[in-house]
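Engineer: Mind looking over this structure? Questions follow.
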Amino acid sequence: MLGLFLTGTASLAAAAAAGYQSMAPTGQWFGRTFTGLHRGTRQLALTYDDGPNDPHTLRLLEILAKHDVRATFFLIGRYVEQCPEIAREIAKAGHVVGNHTFTHPLLIFKSPAEIRRELSDCRAALQDAVGEHSNLFRPPFGGRRRAVLQVARELGLEPIMWNVTGFDWNAPPSAVIEQKVVSQVRGGNIILLHDGGHKQMGADRSQTVLATDRLITRYKSEGSRFVTVSEMMAAG
C-alpha cells in the first residue's frame, strides 16, 4: 500500500512539474526556446504580443520612433487580416514581426494538425500584409509541449519566450508596469509587454505605451541598448 501511495505521489509530482514547465517562460523540458542572453549584458529586447491593435499599436510606434528603438512584435493573424495597414506600419518602421498564431489558442491542448494550421494561417496573413518577415514564433500564454515546438520547427519557425514580464495584460498603471519590469531586469533580457489583447481588438494598452516611454528613458540613461530579438540572438 505504501508503495502504491509513493508511486502515486511521484506521478502527481511529475505531472505537476510537467504542467509547470509547459507554461514557465524559461522552462526547457519540452525543447529549446530562446529566452534571452542570461549574461548580464547591456542589451534589452522589448517584445509586444497580441497586436496589431487600433489605436494603441500606432501610439506605441510613435514612442519607439521618438527614442529610435526597434522592438519585436508577435502578431495575431486574425488581427493582421483586420488591420493589415497597422502591420505594415510596424514592418515599415523597421521592427521585427513574428508569428503569434492565427486565433491565440492555448496550444498545449491542440493536436499537431491544429497547431500547424494556427501557425501556417498566421504566416499567410503576415505574408499578405507585410511580405517577408522573421521566422520568430511565440506561443500564446507561453504554452507549449513537445509537439508544439516540433511543429514550429518543421515550419522553419524559431520559438521565442521571455525572462522579464511587465504583467500588463490587465492594464495596471504605467508606474506599476515599469516597476514590475525594473524588479526583474538584469541585462540580456527579453521583456514581455502587450500592445493588444487576444480577446478582442481595441484593448486599452495606453498604460503600456506610457510604461514603454518610461522604461526606454530609464535604461538608456543607464547605458543599456535596446535591440530586436533577432539582433540579440545573433549576438548570443
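Engineer: Which lysines, on any chain, are close to residue 220 with Cα under 25 Å apart, when same-chain ones fewer than 8 places away are left out?
Structural biologist: Candidates past the 8-residue exclusion: 66, 92, 180.
Engineer: Measure nothing fancy, just the Cα-based angle from helix 2-23's long axis to the longest principal axis of the chain, in degrees from 0 to 90, nearest 10.
Structural biologist: With both axes taken from Cα atoms, the answer is about 20 degrees.
Engineer: In nm, to one decimal, how far is the residue 67 label point from the residue 218 one, both placed 7 Å along Cα→Cβ?
Structural biologist: 1.0
Engineer: Less than 12 Å apart at the alpha-carbon level, and either on another chain or at least 8 residues along: which aspartates and glutamates does that give for residue 199?
Structural biologist: 50
Engineer: For the chain, take the longest principal axis of its alpha carbons; what is the angle in degrees between that and the long axis of helix 206-221, to the nearest 10 within 0 to 90?
Structural biologist: Value to nearest ten degrees: 80.
Engineer: Taking region 160-208 on its own, what percent of its Cα-Cα pair distances exceed 13 Å?
Structural biologist: I get 55 percent for the Cα pairs in region 160-208 exceeding 13 Å.
Engineer: Continuing with this model, one more query. If you average the alpha carbon positions of region 196-216 and of region 107-156, how far apart do those two centres end up, in angstrom?
Structural biologist: Taking the Cα centre of region 107-156 as reference, the centre of region 196-216 is 24 Å away.
Engineer: Keeping the other protein chains in place, figure out the carbon and sulfur percent of the accessible area of region 64-213, with a 1.4 Å probe.
Structural biologist: The computed percentage sits at 50.
Engineer: Let me ask something additional. Ordered by residue, what ³J(HN,Hα) values in Hz, to whole numbers, does region 138-144 give under the Karplus form 6.51 cos²θ - 1.76 cosθ + 1.60, where θ = phi - 60° and Gly and Pro are x?
Structural biologist: Going residue by residue, I get 10, x, x, 6, x, x, 8 Hz, with x marking Gly and Pro.
Engineer: Can you give me the distance in nm between label points at residue 201 and residue 106, each placed 7 Å from the Cα along the Cα-to-Cβ direction?
Structural biologist: Roughly 2.7 nm, to one decimal.
Engineer: Now a separate question. Dipole size in debye (nearest 20) for the chain around its Cα centre, Lys and Arg Cβ +1, Asp and Glu Cβ -1?
Structural biologist: Here the chain has a charge dipole of around 700 debye.
Engineer: Taking every DSSP beta bridge that has both residues in the chain, what percent is antiparallel when rounded to the nearest 5?
Structural biologist: Percent antiparallel among DSSP bridges in the chain is about 5.
Engineer: Right, here's the next one. Compute the angle between helix 56-67 and the longest alpha-carbon principal axis of the chain, please, reported from 0 to 90 degrees and rounded to the nearest 10.
Structural biologist: Tilt relative to the chain: about 70 degrees.
Engineer: If I take R0 = 25 Å and measure r between the Cβ atoms of residue 23 and residue 183 in this structure, what FRET efficiency does the formula 1/(1 + (r/R0)^6) give, to the nearest 0.05?
Structural biologist: 0.75
Engineer: Then there's this: How large is Rg over Rh for region 95-218, taking Rg from the Cα atoms and Rh as the Kirkwood inverse mean of 1/r across Cα pairs?
Structural biologist: Computed over Cα atoms, the ratio is 0.99.
Engineer: Would you mind getting the accessible area per residue of the chain, heavy atoms of the protein chains only, 1.4 Å probe, in Å²?
Structural biologist: Accessible area per residue, the chain: 45 Å².
Engineer: What percent of all Cα-Cα pairs in region 54-168 falls in each 5 Å bin, counting up from 0?
Structural biologist: Per 5 Å bin, starting at zero, the Cα-Cα P(r) for region 54-168 comes out as 2, 12, 23, 23, 19, 13, 6, 2, 0 percent.
Engineer: Pick from 128, 49, 168 the residue whose mean-square fluctuation is largest in a GNM of the chain, springs joining Cα atoms under 10 Å.
Structural biologist: Comparing 128, 49, 168 in a Gaussian network model of the chain, the most mobile one is 128.
Engineer: What residues from region 180-210 fall in the zone where the backbone N is under 19 Å from a label point 7 Å along the Cα-to-C-beta line of residue 42?
Structural biologist: The answer is 185-191.
Engineer: For residue 137, what residues show an amide H to amide H distance below 5 Å, using hydrogens built from the backbone and excluding near sequence neighbours?
Structural biologist: 99, 158, 160
Engineer: Let me ask another. Take the Cα pairs of the chain, get the Kirkwood Rh, then feed it into Stokes-Einstein at 10 °C and 1.306 mPa s and tell me D in µm²/s.
Structural biologist: The diffusion coefficient I find is 88 µm²/s.
The values are calculated or read from the model by the stated rules, or taken from the named source; none is laboratory data. Owing to the predicted nature of the structure, the values given are computational and were not obtained by experimental measurement. Counting neighbours? That spans all protein chains shown, and the Cβs are built from the backbone with ideal geometry, glycine included. Each accessible area value is taken on the protein alone, full model and side chains, heavy atoms only, with ligands, DNA and RNA left out. Shrake-Rupley method; radii C 1.70, N 1.55, O 1.52, S 1.80 Å.
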